[in-house]
Every structure is written in structure tokens, then in C-alpha cells.
Ligand code: UFG
């Protein structure tokens with residue numbers, strides 16, 4: 001018998017994975033982390049262990065190496081998997097698409113194959129709001145049409161959703177939930193785990209916190225001439241701990257057999273649209289500092305606006321975002337200060 005209260009977290013050393021491991025443990029699950037540390041390091045695992053007081057097992061393995069990955073299934077009796085392990089830089093995926101297709105698709109295919117071979121039942125896949133592209137209706141619901149992907153990264157998210165849809169339809173013993181994340185930001189309130197981008201941050205909030213810390217000179221706001229109230233893009237920024245809790249809700253749902261069909265999709269956002277200017281101003285206000293920023297040209301590939309209709313997740317998962325943007329942006333700054341030894 002597989003252990004229903006045990007979860008394999010692939011990519012669990014990373015930003016979303018480490019926060020999810022903490023919330024799973026808080027909810028009474030045993031967690032096993034598999035990660036090849038290609039875009040993370042042991043500090044995430046150490047942080048999870050420090051927060052939870054649990055000596056979480058960690059296996060350094062590449063999910064693309066099926067033989068090596070199979071050993072994790074041999075050794076541990078988890079019945080559920082949360083698959084985070086993937087590359088996630090949009091720009092890099094356009095420059096080097098094969099890197100993304102090989103890694104993101106093969107690792108996911110291996111997970112599903114191994115689940116079948118070893119008789120494991122539930123999987124949560126990390127999808128993204130990127131699948132909606134420039135949506136025709138806002139906020140987007142799960143039924144809103146997906147747009148053709150504009151990056152290999154986005155395409156791997158769509159392709160993995162389709163793989164999961166087809167696999168769960170063909171192999172009814174496997175249940176799947178795709179969570180479409182909006183923009184995850186912030187850090188654990190303990191400041192023991194958070195986002196650690198390598199090199200120059202590509203995302204807004206790490207760029208802001210690094211600018212505030214003096215690591216970057218000036219934040220560029222990409223475009224102030226969009227058709228929005230203040231001219232900057234609108235996004236749905238979701239607190240990382242809230243996002244982690246959505247994974248626990250998704251696992252609970254499958255473990256308790258409450259999922260209505262073999263494959264379900266949920267938006268994971270706040271339902272609130274926030275502009276880049278609003279986010280910058282809120283960051284300055286709650287952390288009582290001035291940020292050096294300037295308006296720069298639009299960034300290629302950015303959509304004007306995307307935010308979530310979260311009705312389905314609220315109703316079916318019994319989950320909703322709880323932390324305010326203010327709390328989240330404070331936690332992001334607390335984390336950056338800790339990383340940089342500020343104060
Ligand atoms: N932005 C800036 N300056 C920066 C960085 C970002 O103005 O230095 C702006 C962007 O133009 C955008 C907003 O801040 O308007 C958010 O940008 P992010 O890069 O933080 O996030 P994106 O919305 O572009 O992308 C994120 C994830 C992707 C995911 C996508 C789905 O990074 O992985 O959401 O919507 F695919």
C-alpha cells in the first residue's frame with residue numbers, strides 16, 4: 001500500500017517547492033524532495049528543515065534521468081507527486097528552446113511513466129497563467145481559451161497540461177490537477193526561505209528588492225504607455241505562502257477522492273489586478289523606503305493585463321489567497337535583507 005500522507009516534491013529545493021514542502025508538513029504530510037539543484041541550492045532544503053524541525057529527505061537527482069529517478073520511487077512510498085522541476089525563464093527559452101523542450105517535457109513524462117510503473121496515484125502539475133496569453137476576457141477563468149504560446153517555456157506548460165489531460169483520461173488510476181499560477185511573490189514570514197534568482201533577476205519583485213538593497217542600480221519599469229489606468233501592465237501577484245497552501249488543498253482533494261474528474265485545472269491568484277506602478281509604490285510605502293526607478297521601453301512579449309477569476313479554486317479547493325499585498329511585499333524585503341545581511 002502506498003502512503004496517502006506522503007508526497008514527492010520534485011524541484012522542492014526551489015522557490016515554490018520549498019514553500020510548498022513547509023505547508024505540506026504543516027498539514028501533516030511526509031515530504032520527500034527530489035531536485036538536481038540546477039537552479040537552486042541546499043539553502044532551500046535547510047530552510048525547510050529549520051522551519052519545520054523535520055529532517056526532510058533530499059535526493060539529488062535529475063528527473064530526466066529515468067533510471068536514477070526510479071530509485072526515488074523504489075525507496076519511498078509516497079502516493080502523490082507535486083512536479084515543480086522545470087526551467088522557467090521565458091527569454092532563455094526563446095533563445096534555447098531545445099533546452100526547455102528536453103528538460104521540461106522529459107522530466108514530466110518520466111514522472112507519469114514512473115507513477116504508472118510504481119502504482120502511484122495523484123499528481124499536481126505547476127502550470128502558469130502564461131497559457132492564457134493576451135486574453136480576450138478578463139479576469140480569466142479556467143474555461144478561457146488558451147492562446148498559442150509565444151515562448152518555448154509557455155509551450156512546455158501547455159504541452160504538459162495536454163499530456164496530463166491525455167494520461168489521466170487513458171489511465172484512470174492516475175488523477176491530476178494543473179494549478180495555473182499567476183505571479184508568485186514574497187517569502188516565508190520566517191525569512192528562512194524565499195526567492196534566490198541567479199544573476200540579474202528577470203522578474204519584477206526580486207528586481208525591486210535587489211534595487212532597494214543596492215545590488216541593482218535602478219529598476220526599469222517596462223512601459224508606461226499601455227492602455228491601462230496608469231499606463232503600466234496589470235498582473236495578479238499571489239503570495240508564495242498562499243500559493244503553497246493551494247498545493248496542499250489540491251493534494252487533499254485527490255487524497256480524499258473529492259476530485260470530480262481525473263483531470264482538473266485551477267487558477268491560483270488573488271483575483272486582483274495590480275499595476276507595476278502600484279506595486280512599486282506599495283513596496284515603498286510598507287517598507288518605508290524610496291526606490292530608484294525609471295520608465296523604460298516595453299519588454300518584448302509582455303501581455304498588457306492578466307488576472308485570475310478564482311471562483312473555481314475558492315469553491316472546489318476551499319482555498320483563497322489570504323495575505324495582503326502589503327504583507328507580501330514586506331516579507332519580500334525581509335528576505336532580501338536577510339540574504340544581503342542588511343540591518
Ligand atoms: N517588469 C518591469 N521591470 C522589471 C521586471 C518586470 O517593469 O525589471 C514588469 C513586466 O513588464 C510586467 C510585470 O513587471 O509587466 C511582471 O513581470 P514579471 O517578469 O515579474 O512577470 P511576468 O508576468 O512577465 O511573468 C510571470 C512569470 C512567468 C509566467 C508569467 C505568467 O515570470 O514565468 O508570469 O503570466 F509565465
Protection proxy ranking, peptides 226-233, 179-186, 49-56, 208-215, average beta carbon neighbours within 10 Å, highest first: 179-186, 208-215, 226-233, 49-56
Debye intensity ratio I(q)/I(0), log10, region 1-157, q values 0.11 Å⁻¹ (C-alpha model): -0.46
Can you tell which of 248, 94, 111 shows the greatest fluctuation in a Gaussian network model of the chain with Cα springs below 10 Å? 94
Under a 10 Å cutoff between Cα atoms, tell me which one of 255, 32, 306 has the largest fluctuation in the Gaussian network model of the chain. 255
Can you tell which of 155, 288, 259 shows the greatest fluctuation in a Gaussian network model of the chain with Cα springs below 10 Å? 288
Assign one of three labels to the chain, namely rounded, prolate or oblate, based on the Cα gyration tensor with a ≥ b ≥ c the square roots of its eigenvalues; rounded applies when a/c is under 1.5, prolate when it is not and a/b is larger than b/c, and oblate otherwise. prolate
Can you give me the angle between helix 152-170 and the longest principal axis of the chain, using Cα atoms only, in degrees from 0 to 90, rounded to the nearest 10? 30 degrees
What number, in percent, do you get for the relative contact order of the chain if the mean sequence gap of Cα pairs under 8 Å and at least 6 apart is divided by its residue count? 19 percent
For 323, 285, what's the fewest-to-most ordering of other Cβ within 10 Å of each Cβ? 285, 323
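Hey, what's the Kirkwood Rh for region 257-343 if you take every pair of different alpha carbons, in angstrom?
On the way: mean 1/r = 0.0620 Å⁻¹.
One over the average 1/r among Cα pairs gives 16.1 Å for region 257-343.
Where does each of 175, 294, 245, 5 land when they are ranked from fewest to most other beta-carbon atoms within 10 angstrom? List each step's numbers first, then the result.
On the way: 175 22, 294 9, 245 25, 5 14.
Ranked by crowding around the Cβ, least crowded first: 294, 5, 175, 245.
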How tilted is helix 276-287 with respect to the longest principal axis of the chain? Cα atoms for both, answer in degrees (0 to 90, nearest 10). 90 degrees
By the gyration tensor of its Cα atoms, with a ≥ b ≥ c the square roots of the eigenvalues, what is the shape of region 91-163: rounded for a/c under 1.5, prolate for a/b over b/c, or oblate? oblate
Helix 106-118 against the longest principal axis of the chain: what's the angle in degrees, Cα atoms only, rounded to the nearest 10? 30 degrees
Cα centroid separation - region 84-99 against region 11-65, whole Å: 22 Å
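Compute and list, largest first, the equivalent-ellipsoid semi-axes of region 166-304 from the alpha carbon gyration tensor, each √(5λ) rounded to a whole angstrom. Don't skip to the end; give the middle numbers.
Values: eigenvalues 241, 66, 35 Å².
Semi-axes from the Cα gyration tensor: 35, 18, 13 Å.
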Please arrange 193, 59 by how many other C-beta atoms lie within 10 Å of their C-beta, fewest to most. 59, 193
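Is region 195-261 rounded, prolate or oblate when judged by the Cα gyration tensor, a ≥ b ≥ c being the square roots of its eigenvalues, rounded requiring a/c under 1.5 and prolate requiring a/b larger than b/c? Show your work: numbers first, answer last.
Working: a/c = 4.22, a/b = 1.84, b/c = 2.30.
The shape class here is oblate.
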Which percentage, to the nearest 5, of the DSSP beta bridges contained in the chain is antiparallel? 5 percent
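Here, each number is a calculation from the coordinates, and none is a lab measurement. Predicted model, so just to flag it, every value in this text is computed and none were measured. Quick reminder, even Gly has a Cβ in these numbers, built from the backbone with ideal geometry, and neighbours come from all protein chains shown.
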